[in-house]
Each structure stands twice: as structure tokens, then as C-alpha cells.
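This report concerns only the one structure given below.
The values are calculated or read from the model by the stated rules, or taken from the named source; none is laboratory data. Treat the numbers as computed from the prediction; the structure is a model and nothing was measured. All Cβ positions, glycine included, derive from the backbone under ideal geometry; neighbour counts span all protein chains shown.
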Amino acid sequence: MEGFIIYWVVVVLLFLIGIIQLIIKSARNQPLKPALRLIIASVIMLVIGAGACAVILSNLTISH
């Protein structure tokens, strides 16, 4: 259970750090690519995590 909590804390931290970097770097006219990468990574992690939680909570069996 602690793994889920750590995962979501990491997602939130990546997103917040990305937003802060985006604001600071845009104010200083620096490249925004690292900040955008953090934001994109956190959104991808959010989608994967939410999908995994939906599967776990709905007791779906994924089989081919």
C-alpha cells in the first residue's frame, strides 16, 4: 500500500517541479525543454497510475 502512496507523491512532485521550472525559465528566457519533459512525464505517470488503479478497483481480469 505504501508503494501506491509513494508513486502518487512522486507524480505530484514531478508535476509541481515542472511547473515551477517552466515559470522560472520562461521568465529568464531560458530553454523550456527540461521543464516540459517533467510535466509530460508526470502526466504519463498519472494516466498509467489511474489506469492501474481502475483495473485494481474494478477487479477486471486482463487476458488475451
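Whenever a residue of the stretch 48-64 is surrounded by fewer than 10 Cβ atoms within 10 Å (Cβ to Cβ), its partners that are at pLDDT below 80, lying with C-beta atoms within less than 7 angstrom and at least six residues away or across chains, give the pairs Ile62/Val55. Taken as a whole, the stretch 18-38 holds at least one residue that is of a type in the set (Lys, Arg), out of contact with any Pro (no Cβ under 9 Å at 6 or more places or on another chain), part of a helix (DSSP H, G or I) and surrounded by 13 or more Cβ atoms within 10 Å (Cβ to Cβ).
Here Ile19, Ile48 are screened, and the one residue that is modelled with pLDDT of 95 or more and under 13 Å from the mean Cα position of the chain (by Cα) is Ile19.
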